[in-house]
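Following: one structure in structure tokens, then a few remarks.
Computed from the coordinates by the stated procedures, all read-outs in this text should not be read as laboratory data. These numbers come from a predicted model, not from an experiment. Neighbour counts run over all protein chains shown; Cβ positions are idealised from the backbone, glycine included.
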Amino acid sequence: MVKEKKILNSRQVDELINTLAKRILRKLTGEPSVALIGIKTHGAYLSRRLGDKLGKSLQVYHGTLDITLYRDDLNILQEELTIRESEINFDLNGKIVVLVDDVLFTGRTVRAAIDQLLDLGRPAVIYLTVLVDRGHRELPICPTFCGKKVKTERGERVEVKLREKDSVDGVYTIRQ
Amino acid sequence: MPEVTSGLRVSGKRLEETINTLSKIGMTTKGSERTAYTVKEIRAKGVLTHLMKRIGLQVSIDGVGNVFGKTRQGGGAVVMIGSHIDTVPGGGRFDGVVGVAAGIEVARIICENNIPLHQPIEICAFSAEESSRFGVGTIGSAVVAGELDARSIDGLQDKHGVKLGEVLARFGRNHDAINSAKRKPSDFHAYLELHIEQGPILENEGKKIGVVSAISASTRLSVKFLGRADHSGTTPMNLRRDALTAASELILAVEQICKAETGEVVGTVGSIKVSPNAMNVVPGTVELGIDIRSVHANSKKRVTDLVVNEARKISSRRDVQLETAIIKEDEPVILNAEIVSLLENVCKSTRVPYMRMISGAGHDAMKMARLTKCGVIFVPSKRGLSHNPREWTDMKDIETGANCLLDATLRLAA
């Protein structure tokens, strides 16, 4: 029996994104630009939305990361080892990077993303923004900006839906 | 620094950064590990697409994973600057990477300075230049040149039995995609490649640039002596049919035959398999892997014939059976005289000490020579070391080579 519970509705998601944008802006006071880099897939949509809000106050570079080849559980015999064309069309060296993902869980995805970023260049600093932090970290990773902390069971799933992909905004916990 | 004829110069600092960015991927304490089509090599190609897009090149990846970045201006046939970023296991940080990084720097200089181009410039990192995984090298350029097709690729496999066709299928590349990677001679105006020499000649001669006039090719020969495995204690010396002593005679003969040949041939017995390979057994079977190289096809053929003849004599004298097989036989490539002279003129006008030389190692240029006029520029390798973690070329020498590449590119494309 699958139990799905909505923990954030569309309005709340929007509010969280607004709050995150404000906090990022406060942190970056005096900085001329920021590189927002979303981890595919939902982090990329989230990053775009944050960019729309931040773009009024500072220059925003947009990029996305596909971290497949940097995962620590990559099964080289089964994965499609496609060359993932970079979607970061600017120089990362010296940039202030805000890495964006929807859910922070074990921290392994973020570790992979940071490794990939460091292969691509040498940013001045990397901050981490997540919409939801559901706990259960397996690596010493902490978000710089977190929309909402949610208490979850280890076996639960947390799903963020965004209208760009799922035609609706919302955050759900799913228990099987 | 000597000035380049165009007045433009590459940035040594940026070039060094690009080399570092690419070569640090897969770097271990035992050298570079970017074997063709492994995760590290594919990551490096992902980084390469980033570097190319960053300077405004149009990026594309073909059916064998060759990565291309093309300038947006200029139409028609391209001046291609190519090399590779895969490595042998435990490789160095310059082999291949120097050529791709220099290509990116040349494209960047041209884009930054809005140099008008008659011909577009296309930078390329060819896949699987090194033969260490699939036993065959320059796979990416061979497919582009139409020398290898999807069917012949299906027959290649690595030592773990993984077929190249399967590897490419995991890339989502089917036969059609592989075959469509083949390109036409009319696509190209010229091909240039900057590479480390991987040998000691430039350093010994005190030259900064080698203008390559020909690339030697190898004949790879397998020679098997089949004697008889016997007890090492009970078999008297005169009753033995020792395959290893027979092979030893041939190893020395290869050296003598090559030295005696006037047409500059090098021969190497680089692998030896002894069976049963036990201290108390007279060797029953020995298989030698022999590599014979030259830029002169006739000399190479003559040496190969002499080696096989010598093996026959040894086999009959020592009463061991003989099996020989030619595993691979490539034709040497004479590079285009017009480009050789263009490169020499670039060196003369910039007063860079250079020499004309041949390449003992294979490069992607030898495949591209089937499609277009090709030129290869060498820069010195410290102590001639390559395919080794201690491989080294001074940055100022790489910069000199990249400036030569820039000037040659401008003469061909602008």
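Observations on the model:
- Matching residues, region A:134-153, being surrounded by 14 or more Cβ atoms within 10 Å (Cβ to Cβ) and within 15 Å of A:Lys6 (Cα to Cα): A:Arg134, A:Lys148, A:Val150, A:Thr152
- Some residue of region A:31-39 being farther than 30 Å from B:Gly69 by Cα and out of contact with any helix residue (DSSP H, G or I) (no Cβ under 9 Å at 6 or more places or on another chain): yes
- Qualifying residue in region B:249-257 (condition: exposed (fewer than 13 other Cβ atoms within 10 Å of the Cβ) and farther than 22 Å from B:Thr219 by Cβ): no
- Answer residue from region A:86-101, given it is in a strand (DSSP E or B) and surrounded by fewer than 22 Cβ atoms within 10 Å (Cβ to Cβ) and is farthest from the other protein chains (Cβ to nearest Cβ) among those: A:Ile96
- Test: B:Ile398 is closer than 17 Å to B:Gly82 by Cα and in contact with a Leu (Cβ under 6 Å, 6 or more places away or on another chain): no
- If you check B:Ala190, B:Ala169 for being in contact (Cβ under 8 Å) with a residue 60 or more places away in the chain and either in a loop (DSSP other than H, G, I, E, B) or small (Gly, Ala, Ser) (or both), only one passes: B:Ala190.
- Subset of region B:6-37 [of a type in the set (S, T, N, Q) and surrounded by fewer than 18 Cβ atoms within 10 Å (Cβ to Cβ)]: B:Ser11, B:Asn20, B:Thr28, B:Thr29
- Number of the condition not met by A:Ile114 [criteria: (1) in contact (Cβ under 8 Å) with a residue 40 or more places away in the chain; (2) within 30 Å of B:Thr18 (Cβ to Cβ)]: (1)
- Residues of region B:42-73 that turn out to be away from chain A (no Cβ under 11 Å) and surrounded by fewer than 21 Cβ atoms within 10 Å (Cβ to Cβ), as a count: 4
- Candidate set from region B:193-213 (those that are in a loop (DSSP other than H, G, I, E, B) and in contact with a strand residue (DSSP E or B) (Cβ under 6 Å, 6 or more places away or on another chain)); member that is farthest from B:Val379 (Cα to Cα): B:Lys207
- Every test in (1) farther than 25 Å from A:Glu153 by Cα; (2) under 12 Å from the mean Cα position of the chain (by Cα); (3) not small (Gly, Ala, Ser) is passed by A:Val110 save one, and that test is (1).
- The sole residue among B:Gly263, B:Gly267, B:Gly233 that is farther than 26 Å from B:Ile19 by Cα, part of a loop (DSSP other than H, G, I, E, B) and under 32 Å from the mean Cα position of the chain (by Cα) is B:Gly263.
- Any strands (runs of 3 or more DSSP E) falling wholly within region A:1-75 and containing at least 1 residues that are basic (Lys, Arg) and within 18 Å of A:Asp166 (Cβ to Cβ): A:3-8
- Residue count for region B:187-245 under the criterion of being among the acidic types (Asp, Glu), over 19 Å from B:Ala102 (Cβ atoms) and in contact with a Pro (Cβ under 9 Å, 6 or more places away or on another chain): the result is 3.
- Residues being touching a Lys or Arg at 6+ places or on another chain (Cβ under 6 Å) and either buried (at least 22 other Cβ atoms within 10 Å of the Cβ) or farther than 17 Å from B:Thr219 by Cα (or both) - total across region B:266-283: 1
The rows are residues; the columns are (1) within 30 Å of B:Leu156 (Cβ to Cβ); (2) not hydroxyl-bearing (Ser, Thr, Tyr).
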| position | (1), (2) |
| --- | --- |
| B:Ile251 | yes, yes |
| B:Gln256 | no, yes |
| B:Gly263 | no, yes |
| B:Thr268 | yes, no |
| B:Val295 | yes, yes |
| B:Asn309 | no, yes |
| B:Ser316 | no, no |
| B:Ile326 | yes, yes |
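- Pairing residues of region B:285-296 that are farther than 13 Å from B:Ala325 by Cα and touching a residue at least 60 places away in the same chain (Cβ under 8 Å) with residues that are hydroxyl-bearing (Ser, Thr, Tyr) and not in a strand (DSSP E or B), at Cβ distances under 9 Å and at least 6 apart in sequence or on separate chains, gives B:Val286/B:Ser248; B:Ile292/B:Thr304; B:Arg293/B:Ser216; B:Ser294/B:Ser216; B:Val295/B:Ser216.
- Residue within region B:17-26 that is in a loop (DSSP other than H, G, I, E, B), more than 9 Å from every other protein chain (Cβ to nearest Cβ) and touching a residue at least 12 places away in the same chain (Cβ under 8 Å) present: yes
- Conditions (1) without any contact (Cβ under 8 Å) to a residue 12 or more places away in the chain; (2) in contact with an Asp or Glu (Cβ under 7 Å, 6 or more places away or on another chain): number failed by B:Ser381: (1)
- Scanning region B:148-162 finds one or more residues that are away from every other protein chain (no Cβ under 14 Å) and within 30 Å of B:Val106 (Cα to Cα).
- Of A:Thr129, A:Thr82, A:Thr68, all but one fail to be away from chain B (no Cβ under 14 Å) and among the hydroxyl-bearing types (Ser, Thr, Tyr); the exception is A:Thr129.
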